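Report on the structure given below.
The values are calculated or read from the model by the stated rules, or taken from the named source; none is laboratory data. This structure is a prediction, so every number in the text was calculated from the model and none was measured. Quick reminder, even Gly has a Cβ in these numbers, built from the backbone with ideal geometry, and neighbours come from all protein chains shown.
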Amino acid sequence: MSRGHTKVAGLLHGGLNDLFILAGRTSPCGVFVLELLLRILAVDDDPFILELLQSPMWLGGAYDLTCANSVAAALQIVTTTTQPFEAFLLDIQMPGRDGISLCAELRTMPGYAATPIIMITASQATEFIEKAFRAGASDFVRKPLDGIDLGARLHVAAMLNASLRREHRARIETDTLRRRTALGYDDTVASPADRAPVPFLALQNALLELPAGCHALSLFGVRMAPLVPAPGTGAEGDIVQRLHLAGTALAESCKQSDTRIAYAGRGLFVGTTPGRRREVLPDLVEVAGTALHDLWSAQSHPGEPPVLTAAPISTVGVWTGQSAVRALRHAVATLPEPRSERRVRRRLSA
């Protein structure tokens, strides 16, 4: 394990330094100070890669980098650190446990459900990328590494963390009861299981990685009725647990093996199915509702499980990766707040 720091980059080509300057300020004494000091854990068994990452003239930007050469070393660092990491760089292929299994384990840890995880790979095989996204990865880069490309992705991660911090502060100032009940449950629902939902960002990245051109693809949404925490339970933890049950039941009820389900917030799951085969949405919600009822009873949750309703996001059946992502984002952005008084039975978008 090793540790490296850098605060200002000055020898990068292509303008990456300007990206970080936007996040900085000048102190009264005229010293430039960067405010986005991103805490990163890099895990790679190649010492050359770790040495390269620690060079301020190569990566640039502002970051606090900790390095580990194995999954075991990384887990020891994560479980003993007093300050959480804000981004991860994980090599996919390493001796023993690989980066994909580490990514999946990180997603189960408190505080890391939405932390940016960038996978590093020298392989051209898409199966590794697919497994990484299913494990919860946010993005990936290929070896040989390009400093400007990786630095830009880390800058986006820094901006995302800053946005998450602002959102967290804003939520604290709002009505806690409303935030934790049906009108505001936006926790990420993801699991390392093969048929479990993936993060919404991971689904978007998978679509953007599709080869250029048009692809047969169906897009749909499944709305879950509002959840109210059971009396005497931790409200937030109780709702997140129920969201996991609903997501698991829905993903495991898909008849098409290549259907991908993601949780987009506010009780909305979105799904994509490649090819001309489609999920029969009435059958999907019926089977998922039955499975959810069984899970609900098995875990002794009070009351009835939430009702699921489904609708296609669009009747269009052919998409580019970018147009599919835009359609998903539009559906999520334009969806009304859930209402407990009635089931939402409307098409999510045109």
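Among LEU245, LEU207, LEU219, which is modelled with pLDDT of 90 or more, under 24 Å from ALA114 (Cα atoms) and assigned to a helix (DSSP H, G or I)?
Of LEU245, LEU207, LEU219, the one residue that is modelled with pLDDT of 90 or more, under 24 Å from ALA114 (Cα atoms) and assigned to a helix (DSSP H, G or I) is LEU207.
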Those residues of region 102-136 which are aromatic (Phe, Trp, Tyr), surrounded by 20 or more Cβ atoms within 10 Å (Cβ to Cβ) and more than 12 Å from the chain's Cα centre (by Cα), in sequence order: none
Members of region 31-46 that are more than 14 Å from GLN93 (Cα to Cα) and either in a loop (DSSP other than H, G, I, E, B) or at pLDDT 90 or above (or both): VAL31, GLU35, LEU36, LEU37, ILE40, LEU41
Hits in region 47-71 - residues which are at pLDDT 90 or above and surrounded by fewer than 13 Cβ atoms within 10 Å (Cβ to Cβ): PRO47, PHE48
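Assess whether VAL285 counts as being within 19 Å of GLY221 (Cβ to Cβ), in contact with a Leu (Cβ under 7 Å, 6 or more places away or on another chain), outside any strand (DSSP E or B) and among the β-branched types (Val, Ile, Thr). If you could, list the steps in order and put the result at the bottom.
On the way: within 19 Å of GLY221 (Cβ to Cβ): yes; in contact with a Leu (Cβ under 7 Å, 6 or more places away or on another chain): yes; outside any strand (DSSP E or B): yes; among the β-branched types (Val, Ile, Thr): yes.
So VAL285 fits the description; yes.
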